[in-house]
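Enquirer: Okay, handing you the structure first.
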Amino acid sequence: MSQRTLPLLIINLGGEMIYILDQRLRAQDDNDDKTQRGRWTDDDRKRVMNDIVATMFNKAFLEELLRPQDLYSHRALRTVLTRLAHASIMRLNQASMDKLYDLMTMAFKYQIVLCPRPKDLLLITFNHTDTIKELVKDNPSLVNQINEAQRQLIEVYTPLSDGDFELIRHTLLVLFQDMQIRVSIFLKEKIQNPNGHFVLQTSGPVPYGFEVPGLIRYFNAKGQEVRRTRFPSGGNYTSALRQGSFDLSGDRVTILGTNMYNTPSSQEMDPSTTSNSTRKQKQADTTPNPLATEELNLLAKLMGGMEVQKILNVDTGFKVNLLALDQEEEGIGISEGTAHESSRVINIQATQDQIASTELARIAGEFDEGGSLTEGPGNKGDDLLAMMDEL
Amino acid sequence: MSKMYHKEKSIQLKSSASALYNNLSVLRIAPRCITYFTVVHANVVNMVSASWDGLNYSHRQLQSKEGNVATSSSLIMQAAWCVLPSRDLLVLTSQKGIQMYESDGSIMVYWHALDTPETPTAKAVFARGIAAVREKYICVGVSSGSVLVFDVPSKGSNITLSEVLEEHKEAITDMASECSGNLECIADLVSADDSGLLCVWKSGEDFQLLNKIPGFDTSCSSVKLWKGTVIAGYGTGQIRLYEGVTGILLAEVNAHARWIYSLDIAPFTGLLISAAEDSWVRVWHLSLTPETNSVEIEHMYNECVTDTQICGARFCDGDGYAFAVTGYDLSEIIRYTQA
């Protein structure tokens with residue numbers, strides 16, 4: 001349908017992926033798990049984040065995304081996101097990548113479904129870019145790159161009408177149709193039902209530009225209001241909040257798209273992740289979510305020993321992580337929705353995919369072996385590996 | 001006080017409903033005591049026929065037609081029955097074109113391909129908005145804003161494109177023909193687009209534009225025409241009533257807290273149903289006083305379909321005795337009947 005969907009899809013999904021990976025790599029810092037092959041330092045985490053962000057906001061990559069085109073299938077999308085995840089020294093095995101993909105798609109689906117006005121999709125995207133900028137703020141050239149990308153998004157998307165945005169939303173909703181994977185944070189926060197459907201509140205502020213339901217106005221031939229009556233709306237709606245900013249920076253107002261994995265120093269926090277209490281709160285608008293850490297602890301177990309492999313050693317394949325099979329024992333599983341495994345892959349464009357995913361994956365792949373922007377290929381990786389061996 | 005409607009047994013669908021405007025169409029076949037329902041799921045239309053005694057259900061799925069084998073599959077934007085005096089046709093509008101079937105979906109009688117550019121342009125291409133007008137026209141909207149008028153013979157497949165109406169500049173969202181059955185009504189058709197512009201037409205060998213009612217930069221997602229009154233549902237959750245020929249605004253309702261997806265009228269009683277992404281289905285009663293050219297819209301009933309983004313709501317009969325609802329990701333048609 002809409003030819004302008006892909007950039008929003010990749011940036012938002014990529015954003016969710018970055019949130020998850022960043023949080024997980026921070027937790028690795030003080031994780032006592034003895035099965036760890038090596039420990040991830042804060043520098044490692046920053047490096048991984050920088051590399052992934054650099055790839056995602058690379059000029060050529062973005063240009064390819066912004067070209068008017070149909071949406072990718074799940075398979076092609078998966079390929080691109082896997083490449084992104086592997087843009088640095090970190091490797092995930094198949095099972096971990098599966099779970100990561102499930103988590104980030106359900107998170108984005110939630111944001112799309114709850115998006116109050118179609119145009120707010122852009123605000124959600126900006127929440128992601130704002131947060132990513134914050135994550136890599138020590139790297140000014142990367143921040144510039146993200147700003148440049150944001151400027152392009154503003155240029156392309158601001159002229160679009162509400163109808164155009166709603167078509168983008170329809171296109172995304174077709175892609176995510178029937179995905180009912182139950183995510184334990186969502187279930188616990190009561191934003192998702194046990195049947196996998198998201199909770200839609202019938203209360204709260206109406207979207208910007210909307211009126212609170214309940215009023216009927218009558219007009220005469222001159223256009224003057226002559227009478228008004230009221231009706232019970234059944235819900236508990238309040239007036240709209242102010243409009244979010246569509247500029248390079250500003251208050252986006254909506255919290256959709258902010259980092260829900262950012263844990264605060266809260267009493268309900270899981271004791272196994274006390275490391276997070278020393279971190280400063282990054283986003284003022286984020287609703288703190290300590291329960292996210294339970295989900296991510298599982299993810300950590302699934303990611304298992306984060307295998308640090310040399311950058312140039314591209315073809316080592318994925319380490320089979322036996323811990324992935326323990327998810328049931330954990331009790332906090334990311335459980336699959338019933339019978340939707342096969343229907344999740346929507347092969348809308350079999351032929352086009354091969355070309356598109358090749359092109360995009362090729363561009364993304366160029367950074368796989370190139371290393372980060374600021375360092376020479378392989379240098380840091382070697383040092384890190386050497387460090388690990390000494391432990 | 002008892003509720004006006006109560007929930008009935010749902011009808012199961014083979015696949016869930018997609019988030020599209022007006023994603024439910026109903027055809028009541030009295031002589032056979034069955035009702036047909038269609039719901040769009042991506043590139044497939046799910047058709048269910050339900051016997052009135054509730055005992056028999058049969059399913060059929062129709063696929064969108066590909067332009068040619070090599071290209072990608074085509075997503076369907078809308079499916080609706082067109083009731084003409086001599087025949088009923090099921091019309092499917094997709095990214096590639098317009099398909100018309102015999103009413104039971106058994107045979108495709110006509111295919112019209114849209115002009116799709118070789119390389120994708122920024123503007124999406126698709127057909128959307130379907131209405132049967134008077135005795136022999138089926139009108140279909142296009143994303144460019146054009147309205148295609150097809151001339152339909154009383155039987156057979158010799159359907160021809162008779163006219164292309166070019167008044168809209170934005171993608172057509174919905175179209176509706178006068179449904180009161182009153183032949184004295186001047187306006188026959190209303191078309192709506194993504195900018196909220198409404199065009200009111202008189203049908204004929206050459207369709208005549210009676211009025212252009214400007215929008216206010218909000219998409220009009222669903223529109224109805226009853227006794228010369230245009231009833232339009234907007235992305236802002238508002239419903240507006242206009243006098244069709246003059247374009248005078250009669251009433252405005254702050255009806256929903258999210259985008260409206262579907263409107264329907266029960267022509268014999270003037271019951272109006274509106275449904276939106278906010279999970280609410282609301283039933284209203286319209287009464288028109290032609291002498292004073294005024295309208296009264298009275299709120300009758302609310303139904304909250306919990307946690308559902310409603311995408312289709314239709315009355316199942318001309319009196320509004322029963323209505324049916326579809327929602328995004330839901331694989332059922334939920335039905336309600338008057339208590």
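Enquirer: If residue A:77 meets every condition in (1) open to solvent by 30 Å² or more (accessible area, probe 1.4 Å); (2) more than 22 Å from residue A:258 (Cβ to Cβ); (3) modelled with pLDDT of 85 or more apart from one, which number is that one?
Expert: The failed condition is (1).
Enquirer: Which ranges mark the strands (runs of 3 or more DSSP E) fully within the range B:279-339 that have 1 or more residues being free of Cβ contacts under 8 Å to residues at least 24 places away in the same chain and over 22 Å from the mean Cα position of the chain (by Cα)? Explain how you work it out, then say what you get.
Expert: Numbers: elements: B:280-289, B:294-304, B:310-315, B:322-327, B:332-338.
So the answer is B:280-289, B:294-304.
Enquirer: Further, regarding this structure: In the range B:15-38, is there at least one residue being open to solvent by 30 Å² or more (accessible area, probe 1.4 Å), within 14 Å of chain A (Cβ to nearest Cβ) and modelled with pLDDT of 90 or more?
Expert: No, that holds for no residue.
Enquirer: Got a number for residues in the range A:146-160 being open to solvent by 60 Å² or more (accessible area, probe 1.4 Å) and in a helix (DSSP H, G or I)?
Expert: Counting residues in the range A:146-160 that are open to solvent by 60 Å² or more (accessible area, probe 1.4 Å) and in a helix (DSSP H, G or I) gives 3.
Enquirer: Within the range A:192-245, considering only strands (runs of 3 or more DSSP E) that don't extend past its boundaries, which have at least 2 residues that are in contact with a strand residue (DSSP E or B) (Cβ under 8 Å, 6 or more places away or on another chain), crowded, with 18+ Cβ neighbours inside 10 Å and facing chain B (nearest Cβ under 8 Å)?
Expert: Of the strands (runs of 3 or more DSSP E) lying wholly inside the range A:192-245, those with at least 2 residues that are in contact with a strand residue (DSSP E or B) (Cβ under 8 Å, 6 or more places away or on another chain), crowded, with 18+ Cβ neighbours inside 10 Å and facing chain B (nearest Cβ under 8 Å) span A:215-219.
Enquirer: Output the residues belonging to the range B:164-178 that are surrounded by 19 or more Cβ atoms within 10 Å (Cβ to Cβ) and away from chain A (no Cβ under 14 Å).
Expert: B:165, B:175, B:176, B:177, B:178
Enquirer: For the range B:59-75, check the following and say yes or no: at least one residue is within 14 Å of chain A (Cβ to nearest Cβ) and at pLDDT 95 or above.
Expert: No, the conditions are met nowhere in the range B:59-75.
Enquirer: Condition first: in contact (Cβ under 8 Å) with a residue 60 or more places away in the chain, within 14 Å of another protein chain (Cβ to nearest Cβ), under 24 Å from residue B:261 (Cα atoms) and crowded, with 20+ Cβ neighbours inside 10 Å. Can you find one or more residues in the range A:122-140 that meet it?
Expert: no
Enquirer: Same structure again: Among the numbered conditions (1) open to solvent by 10 Å² or more (accessible area, probe 1.4 Å); (2) out of contact with any Pro (no Cβ under 6 Å at 6 or more places or on another chain); (3) in contact (Cβ under 8 Å) with a residue 40 or more places away in the chain, tell me where residue B:129 comes up short.
Expert: (1)
Enquirer: For residues that are out of contact with any strand residue (DSSP E or B) (no Cβ under 9 Å at 6 or more places or on another chain) and either within 12 Å of chain A (Cβ to nearest Cβ) or at pLDDT 90 or above (or both), tally how many sit in the range B:112-126.
Expert: 7
Enquirer: Filter the range B:212-254 for residues that are away from every other protein chain (no Cβ under 14 Å), open to solvent by 20 Å² or more (accessible area, probe 1.4 Å) and modelled with pLDDT of 95 or more and give the result.
Expert: B:212, B:224
Enquirer: Can I ask one more? I'd like to verify a number: residues in the range B:263-301 that are touching a Cys at 6+ places or on another chain (Cβ under 7 Å) and surrounded by fewer than 23 Cβ atoms within 10 Å (Cβ to Cβ), how many? Reasoning before the result, please.
Expert: So the first thing to find is which residues in the range B:263-301 are touching a Cys at 6+ places or on another chain (Cβ under 7 Å), and the list is B:265, B:267, B:279-280.
Adding the requirement that they be surrounded by fewer than 23 Cβ atoms within 10 Å (Cβ to Cβ) leaves B:267.
Count: 1.
Enquirer: Which one of these does residue B:109 not meet: (1) outside any loop (DSSP other than H, G, I, E, B); (2) closer than 22 Å to residue B:229 by Cα; (3) at pLDDT below 95?
Expert: Here residue B:109 meets the rest and fails (2).
The values are calculated or read from the model by the stated rules, or taken from the named source; none is laboratory data. This structure is a prediction, so every number in the text was calculated from the model and none was measured. Please note: Cβ atoms are built from the backbone with ideal geometry, for glycine as well, and neighbour counts cover all protein chains shown. Accessible surface areas use protein heavy atoms only, side chains included; no ligands, DNA or RNA. Shrake-Rupley method; radii C 1.70, N 1.55, O 1.52, S 1.80 Å.
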